[in-house]
1. Would you kindly compute the Cα radius of gyration of region 56-136 and its largest Cα-Cα separation (Dmax), both in Å?
2. Using θ = phi - 60° and the Karplus relation 6.51 cos²θ - 1.76 cosθ + 1.60, list the HN-Hα couplings for region 39-50 in order, rounded to whole Hz, with x at every Gly or Pro.
3. Say a paramagnetic label sat at a point 7 Å from the Cα of E100, along Cα to Cβ; which residues of region 19-40 have their backbone N under 14 Å from it?
4. Hey, can you grab everything whose amide H is under 5 Å from the amide H of L134? Only 5+ residues off in sequence or another chain; H modelled, so Pro and N-termini drop out.
5. Highest mean first, how do 9-15, 46-52 rank when packing is the count of other Cβ atoms within 10 Å averaged over residues?
6. Quick check on region 113-158: take the gyration tensor over C-alpha atoms, sort the square-rooted eigenvalues as a ≥ b ≥ c, and tell me if it's rounded (a/c under 1.5), prolate or oblate.
7. Computing the accessible area with a 1.4 Å probe over protein heavy atoms, can you report the carbon and sulfur percentage for the chain?
8. Sequence neighbours fewer than 8 away in the same chain don't count; with that in mind, list the aspartates and glutamates whose C-alpha is under 14 Å from K105.
Amino acid sequence: MTQEPASRPAPLHWKVVVDCADPQAQADFWAAALHYEAEDNNALIERLLELGALPREATVEFHGRLAFRDLVAVRHPDDPYDEDSGTGLGRRLLFQRVPEPKTVKNRLHLDVHTASGAREAEVERLEKLGAGVLRRVSEPAGEWVTMTDPEGNEFCVH
């Protein structure tokens, strides 16, 4: 008797969530930094408001549209998204408001990879968007620049 191959479970959908003080400002920075798009949840929010499932004070205006006050995501522009909710179905970063400030080094960070020879130009562009240079690293394993976003979260530019 031959055994049928075991079916593999479908891969799980995931996103990276970043705690922050100002989700909209973080979304603007990271959308510009990565050439991503801020998600437009306006239609979903209007439906939730009409149903009474969301209080008006839980919303803000963001780029002329309604947005959740305490969270906003950015997504890769080529990835699919749910047209009814505006929620991305692929590569995403979600910024959520938390009451406490950042106090310690990140345990998880993003690495941004540039084209060959373009690292310094990218670092300059990111500085103009509000990032800061924390340190420049040159070691046998490679070279990169460790930077901070406008709220102090570390990321590396390779």
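1. 16.3, 48
2. So the Karplus estimates, Gly and Pro as x, are 5, 9, 9, 3, 4, 4, 5, 4, 4, 5, 5, 4 Hz.
3. Those under the cut-off are 19-21.
4. So L134 has HN proximity to T146, M147, T148.
5. Working: 9-15: 7.9, 46-52: 12.0.
Per-residue mean Cβ counts within 10 Å order the peptides as 46-52, 9-15.
6. Values: a/c = 2.48, a/b = 1.37, b/c = 1.81.
Because a/c hits 1.5 or more and a/b fails to exceed b/c, region 113-158 counts as oblate.
7. Details: 5430 of 10330 Å².
Looking at the chain in its full context, I get 53 percent from C and S.
8. Once the sequence-local aspartates and glutamates are set aside, what remains near K105 is D19, D149, E151, E154.
The values are calculated or read from the model by the stated rules, or taken from the named source; none is laboratory data. Keep in mind the model is a prediction, meaning the values are calculated, not measured. Because the Cβ atoms are built from the backbone with ideal geometry, glycine has one as well, and the counts that use them run over all protein chains shown. Surface areas here come from the heavy atoms of the whole protein model, side chains and all, with no ligands, DNA or RNA. Shrake-Rupley method; radii C 1.70, N 1.55, O 1.52, S 1.80 Å.
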